[in-house]
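Report on the structure given below.
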Amino acid sequence: MPIFNMDFETMPREALEAIQLRRLQTTLERVYATVPFYKESFKKAGVKPSDIKSLADLKRIPFTVKKDLRDNYPYGMFAVPMENVVRIHASSGTTGLPTVVGYTQRDIKTWSELMARSLAAGGATSNDIVHNAYGYGLFTGGLGVHYGAERLGASVIPVSGGNTKRQIVIMRDFKPTVLTGTPSYILHLAEVAEEMGISFKDLNFKCGIFGAEPWSEDMRSDLEEKLNLKAMDIYGLSEIMGPGVSIECREAQKGLHIFEDHFIAEIIDPETQEPLPYGETGELVFTSITKEAFPIIRYRTRDITSLNPEPCVCGRTHVRMNKVSGRTDDMLIIRGVNVFPSQIESVLMKNKSIQPHYQLVVDRVDNLDTLTVKVELGQDMFSDEIKILQEMEKKISMDIKEYLGVSAKIKLVEPKAIERSQGKAIRVIDNRKS
Ligand SMILES: [Zn+2]
């Protein structure tokens, strides 16, 4: 498969690190001079941009967290005057004020290039037609993929999320070959197609690039089988840039290459905040080193993963991050046991009678945490025989106990009982917080 930017994506580590250091130093100087928040936080930590003489010195610079962005809402973290900003995006803000990010003309160009690299890594070329089912709007998914597909020279169908039946007709008639969207919405598409009597086997997709929410390896097998395509995980978040921060390559499908000529990734212990070596699991931290409007320094993403520096069969030299297993915010502590929704998903997906639509409900009853897993049965498995259902529930509950060490009550529900998302799925309802 062709690599979009051969020079940078296959650059020897030593040269890559030299570029990283130079770009990092320039970025630190710039944020220190233009963003009051960074000047203050560096001063408080007793460090100046000129103190950073190697990549290892980066750990002397303080972290940036989501609260810092909210405290500087809406434009306080911008490093250029508004006249140079050509685009604004914002996070959904489901848990408070949205975080607002901006892009200069050059930032949009960089982002488009990185999304083009991502699509190419997934197997797309200028001959492809991209069906882009990511939502268009303040969310970075839609426009991020859109500009990247155009940069690659592919044809993009800006279908966005929603209008699901119409999307299926477009898929059949326009013959797109690359599918992009959140995995939960893509599953919904597959379901609606089936209802309409249209099989993905008769469509023309060769690859799918799915992201914006963590999804498990078992979900991959399910998606690949249902959709008759090769599924790649893409990672990004608006605070860092949007989609296209890292991508799995089609050749290995094992870990996401981080575009290290634009971002420096670290893994830290979320408790001690100390950097961890390659291979160890912890919280992912990013520093952007080429962004103009909204540079971000040591941003704590809350995503849990590890980094793998081993050479990859595809020829890219950029380090790979493993699939995100969850977010520190999403981690549920059930009677003292840590569990991520994606781990439950993995256990559920091992059972072939159930569908990948599930919801976790956490309650506190008599001061004890309880976890209920609602999961849908497949159409052909749904039975009125209560005994069969009860046995299946018991079996899944035992599997969860065995794999994850938590007790969960399983509630098998009929097909389509769990609300479908048009974007990111709501996997957890935690009633303990209300
Ligand atoms: Zn690779």
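The values are calculated or read from the model by the stated rules, or taken from the named source; none is laboratory data. Quick caveat, the model's predicted, so the values are computed rather than measured. Here Cβ is always computed from backbone atoms with ideal geometry, including for glycine, and neighbour counts include all displayed protein chains.
For this structure, a couple of remarks:
- The residues on offer are S126, S91, S118, and the sole one that is of a type in the set (S, T, Y) and within 16 Å of the ligand (Cβ to nearest atom) is S118.
- Condition met for P214 (part of a loop (DSSP other than H, G, I, E, B), more than 16 Å from the ligand (Cβ to nearest atom) and over 14 Å from the mean Cα position of the chain (by Cα)): no
- With respect to the stated conditions, A154 is of a type outside the set (S, T, N, Q), surrounded by fewer than 24 Cβ atoms within 10 Å (Cβ to Cβ), over 27 Å from G197 (Cβ atoms) and more than 16 Å from the chain's Cα centre (by Cα).
- Checked against (1) surrounded by 13 or more Cβ atoms within 10 Å (Cβ to Cβ); (2) within 16 Å of N351 (Cα to Cα); (3) not aliphatic (A, V, I, L, M), G378 passes all but a single condition, namely (1).
- Residue among E239, E292, E274, E283 that alone is closer than 13 Å to T305 by Cβ and either in contact with a strand residue (DSSP E or B) (Cβ under 7 Å, 6 or more places away or on another chain) or surrounded by 24 or more Cβ atoms within 10 Å (Cβ to Cβ) (or both): E283
- Flag if E283 is part of a loop (DSSP other than H, G, I, E, B) and either away from the ligand (no atom under 16 Å from the Cβ) or of a type in the set (A, V, I, L, M, F, W, C) (or both): no
- The strands (runs of 3 or more DSSP E) found entirely in the stretch 100-172 that carry 2 or more residues being more than 17 Å from G423 (Cα to Cα) and of a type in the set (S, T, Y) are 100-104.
- Lone qualifier among L187, L119 - being over 23 Å from H262 (Cβ atoms), within 17 Å of the chain's Cα centre (by Cα) and not acidic (D, E): L187
- Output for the stretch 200-211, where each listed residue is among the aromatic types (F, W, Y) and in a loop (DSSP other than H, G, I, E, B): F205
- Hey, Q253 outside any strand (DSSP E or B), within 16 Å of the ligand (Cβ to nearest atom) and either surrounded by fewer than 22 Cβ atoms within 10 Å (Cβ to Cβ) or not assigned by TED's automatic domain parsing to the domain that holds R60 (or both) or not: yes
- Taking the listed residues G197, G244, the one that is more than 14 Å from the ligand (Cβ to nearest atom), at positive phi and buried (at least 18 other Cβ atoms within 10 Å of the Cβ) is G244, with no other qualifying.
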